[in-house]
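The values are calculated or read from the model by the stated rules, or taken from the named source; none is laboratory data. All figures in this text were calculated on a predicted structure; none of them were measured in a lab. Reconstructed Cβ throughout: ideal geometry from the backbone, glycine too, with neighbour counts over all protein chains shown. What goes into the accessible areas is simple: the full protein's heavy atoms, side chains included, and nothing from ligands, DNA or RNA. Shrake-Rupley method; radii C 1.70, N 1.55, O 1.52, S 1.80 Å.
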Amino acid sequence: MQPLRGTKDILPNEIIFWKHIYKKTSEILSLSNYFEIQTPIIESTSLFNRSIGNATDIVNKEMYNFLDQSKRNITLRPEGTASIARAFISNKLYLSNKTQRLWYLGPMFRYERPQSGRQRQFHQLGIECIGSINPMADTEVIRLANLLLLELGCHNHRIEINSIGNIEERSLYKEDLTKYLTKYKEDLDHDSKKRLTINPLRILDSKNKKTQYILTEAPLLENYLKSESRNHFNCICEYLNNLNIKYNINSKLVRGLDYYNYTAFEIKTDELGNQDTICGGGRYDKLIKQLGGPETPAVGWAIGIERLLLIIKNNIQIKQTSINIYIATQGIEAKKKIWDIIKILEQQKINFELDLHNSSLQKQIKRAYKSGAQICLILGEDEIAQKSLTLKWLNKNYQKTILNINLIKELQEIN
Ligand code: ATP
Ligand code: MG
């Protein structure tokens, strides 16, 4: 049996990296008063149709949709923000606190062509700062993305930022952009041709050389921004300058989700080849209202953990703890009595491995050496007869037999 295409097992020797990311993230984000939230992996399909947008790649071709037993349309969540906006509304979080700072880490699902850094089940770590229109909120989340990446050992990243304005500004721009691009329709790449009618802004994102060349003369989104949008963007840039956080303004940066307005940003790295975006985010002031909640501005981002791991895995040193005590038993009685000793080891918080093979003591001790344990605890027939046990130091060629009642004292000395 093989796992489904685009899915991966995370084995014990990798879990340590995941735990590291989780622990560091939780430490850093809780300092800024962000609280962890977990939402269901399945949601109504309509949640994503209504938020991410019907013309986007995600909704168009990447979603895992199915009908449940009662013929409800269900989707495995492709991203986190829509679910959090839904949770904010269903739990009336707005009643308890005007600003909600939330973070999440969990699996997301998109039907894409699997390749390095692109899976069908992947994981995102994200934050959402809900309830503020202030450019300080945008600055706070960008600063936290940068800080987290640095703290996790990702140093060669660059921040790209843009303002995509509000709906009115964007729709005027869309009209002009479409007019301009229609003149070159025949020269556009296949995807861009299709996008011309359904989602022209995404053409700006095209990696096709010819399309990019055509775009050099295209109208610029920034020329369509009015003073409110401009001021918001300029403020963020100024704050980032003050913070000494480097960024590039990329006037062609648009995100693949419909709910963004004003700020859009991405964090990229040179270390990953084609899948070079590790973090994507932006402001979404209309989403919560659009889903039936009160008008609530918000801004957030998501980092792809698998891509992050490709970069930082070699930079983090994590000490693997080896076991302290390997337990070897001999005879029927020992196999009954050993549980009393195990209870003591647990109480003393000593980590141990019980040999489960039905083999000779000699073979068990051999395995004890292989296990890397410090001590082999032997409970054989002689020991049972004398109410004792033997402790054999595996790297010292030394052993002693002690009475059971002295075990706790002995362990405290070892610890
Ligand atoms: P991409 O350009 O790779 O398609 P995206 O714009 O679709 O990314 P977002 O929806 O903004 O990505 O998600 C944020 C981050 O989640 C991405 O920057 C990336 O690190 C990660 N990510 C997105 N899709 C995948 C995937 N299929 N496999 C692994 N990571 C992913
Ligand atoms: Mg994508």
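Results, tabulated for the structure shown:
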| quantity | calculated |
| --- | --- |
| Filtered residues of the range 177-232 (kept if over 25 Å from Ile52 (Cβ atoms) and among the basic types (Lys, Arg)) | Lys179, Lys183, Lys185, Lys209, Lys210, Lys226, Arg230 |
| The range 255-314, residues that are among the β-branched types (Val, Ile, Thr) and either out of contact with any strand residue (DSSP E or B) (no Cβ under 8 Å at 6 or more places or on another chain) or surrounded by fewer than 18 Cβ atoms within 10 Å (Cβ to Cβ) (or both) | Thr277, Ile312 |
| Pairs with Cβ under 7 Å, 6+ apart, first in the range 12-26 and in the same structural domain as Leu144 (by TED's automatic domain parsing) and closer than 14 Å to Tyr104 by Cα, second hydrophobic (A, V, I, L, M, F, W, C) and assigned to a helix (DSSP H, G or I) | Ile21/Ile305; Thr25/Leu148 |
| Residue count for the range 4-35, restricted to those that are open to solvent by 70 Å² or more (accessible area, probe 1.4 Å) and either in a loop (DSSP other than H, G, I, E, B) or not acidic (Asp, Glu) (or both) | 13 |
| Strands (runs of 3 or more DSSP E) within the range 63-126 that include 3 or more residues in contact (Cβ under 8 Å) with a residue 60 or more places away in the chain, within 26 Å of Thr7 (Cα to Cα) and within 9 Å of ligand 1 (Cβ to nearest atom) | none |
| Whichever residue in the range 104-125 is farther than 15 Å from Asn65 by Cβ, touching an Asp or Glu at 6+ places or on another chain (Cβ under 8 Å) and not hydrophobic (A, V, I, L, M, F, W, C) and, among such residues, is surrounded by the fewest Cβ atoms within 10 Å (Cβ to Cβ) | Arg118 |
| Lone unmet requirement of (1) under 15 Å from the mean Cα position of the chain (by Cα); (2) in a loop (DSSP other than H, G, I, E, B); (3) within 16 Å of ligand 1 (Cβ to nearest atom) for Gln38 | (3) |
| The one condition in (1) over 30 Å from Ile133 (Cβ atoms); (2) touching a residue at least 24 places away in the same chain (Cβ under 8 Å); (3) within 16 Å of ligand 1 (Cβ to nearest atom) that Gly304 fails to fulfil | (1) |
